[in-house]
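Asker: After the structure tokens below, expect a handful of questions from me.
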Amino acid sequence: MLASLSCLKTEVEQLHKNFRLCGSPSENYWRKSKLPHATIFKPQHPYKRCVAETFKDFPTTDLGLMETLLLIDPADRGSVASALKSEI
């Protein structure tokens with residue numbers, strides 16, 4: 001049990017690092033989310049979405065792929081295989 005709590009803490013910390021870098025999902029996303037324990041992942045203070053700003057040196061065609069790979073819900077998130085098959 002203690003090991004799984006440590007792992008969860010690490011995963012939540014990583015998510016929050018991503019939120020600070022790229023922005024957090026909207027309040028609407030969290031309300032509609034069907035993820036178990038979504039409140040654990042939701043930051044107390046939302047971060048402005050800034051993927052386009054953060055990755056401004058990337059070709060604009062790659063930003064959609066980046067957004068897909070950063071999605072929280074695994075059912076919606078892209079995979080390495082889907083990225084490789086991407087038309088970008």
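The values are calculated or read from the model by the stated rules, or taken from the named source; none is laboratory data. Computed from a predicted model, the values in this text were never measured in an experiment. Ideal geometry is used to build each Cβ from the backbone, glycine not excepted, and the neighbour counts take in all protein chains shown. Only protein heavy atoms, including side chains, enter the accessible area calculation; ligands, DNA and RNA are left aside. Shrake-Rupley method; radii C 1.70, N 1.55, O 1.52, S 1.80 Å.
Asker: Residues in region 7-41 that are hydroxyl-bearing (Ser, Thr, Tyr), exposed (fewer than 14 other Cβ atoms within 10 Å of the Cβ) and part of a helix (DSSP H, G or I): how many?
Answerer: Qualifying residue count, region 7-41: 2.
Asker: Please indicate, with yes or no, whether at least one residue in region 42-52 is part of a helix (DSSP H, G or I) and exposed (fewer than 11 other Cβ atoms within 10 Å of the Cβ).
Answerer: Taking every residue of region 42-52 in turn, none turns out to be part of a helix (DSSP H, G or I) and exposed (fewer than 11 other Cβ atoms within 10 Å of the Cβ).
Asker: I'd like to verify a number: residues in region 63-88 that are surrounded by fewer than 14 Cβ atoms within 10 Å (Cβ to Cβ) and either touching a residue at least 60 places away in the same chain (Cβ under 8 Å) or among the charged types (D, E, K, R) (or both), how many?
Answerer: Number satisfying all stated conditions: 5.
Asker: Residue by residue through region 53-62, note down the ones that are of a type in the set (Asp, Glu) and open to solvent by 100 Å² or more (accessible area, probe 1.4 Å).
Answerer: 53, 57
Asker: Please enumerate the residues belonging to region 53-69 that are in a helix (DSSP H, G or I) and within 12 Å of residue 22 (Cβ to Cβ).
Answerer: 53, 54, 63, 66, 67, 69
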